[in-house]
Each structure stands twice: as structure tokens, then as C-alpha cells.
Amino acid sequence: MGVPAYDHRAGGQHSIKVDVEKLWKLRVNQGLTQRELARKAGISNATLSKIEHGRSARPPTLKKLADVLGVEPVDLLPRR
């Protein structure tokens, strides 16, 4: 699979590029709004919006989203 794409702008903590299309499809297919998914994942709606618009996610955030969506965090990464 290779090494995830890291974004080093997160104040010393690595961020990981997310497959935004897959994240969006999973959310919509489960009938969740951004606000609902953010609340269930314990993150802000603004954070989720930024991720869905291409901003990288920190590993704990990626794990929270994956848990709510019923997938593994690796499933939210872009295919290489």
C-alpha cells in the first residue's frame, strides 16, 4: 500500500490526506449531514467541512470519522 501522504503543516503533528470523495459518499450514503457526522465523531463541523474540502486530517480525527462510518481509517485514504 505504501506510506500515507503526510501534510506537515499541523504544528508538529502529522496530518494525513483523505480521499474526500470517499468520505463524502460514505457520509451521504449513511444519511448523515456534515453536522451529524461531526457531532457523532466528536469533532467540530468546521473541521469536517475543511476535511471534505481537501484539508488533511490528524490521525485521531481520521480514526473518529472511520469509527462512526463503520470503516477502517485506511479505507479513507486515497488509493495509490
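I need a count of the residues in region 16-32 that are more than 9 Å from the chain's Cα centre (by Cα) and either at positive phi or outside any loop (DSSP other than H, G, I, E, B) (or both).
Going through region 16-32 one residue at a time, the tally reaches 9.
Quick check on my filter: what residues within region 41-80 are acidic (Asp, Glu) and either touching a Gly at 6+ places or on another chain (Cβ under 7 Å) or assigned to a loop (DSSP other than H, G, I, E, B) (or both)? Working first, answer last.
Taking region 41-80 first, the residues acidic (Asp, Glu) are 52, 67, 72, 75.
Listed by number, the list holds a single entry, Glu72.
Can you name every residue in region 7-32 that is at pLDDT below 95 and loosely packed, with under 13 Cβ neighbours inside 10 Å?
His8, Arg9, Gly11, Gly12, Gln13
Answer with yes or no whether Arg35 is modelled with pLDDT of 95 or more and not in a helix (DSSP H, G or I). Outline the logic, then answer.
Working: modelled with pLDDT of 95 or more: yes; not in a helix (DSSP H, G or I): no.
No: the conditions fail for Arg35.
The values are calculated or read from the model by the stated rules, or taken from the named source; none is laboratory data. Source: prediction; values computed, not measured. Methodologically, a virtual Cβ is constructed for each residue, glycine included, from the backbone with ideal geometry; neighbour enumeration extends over all protein chains shown.
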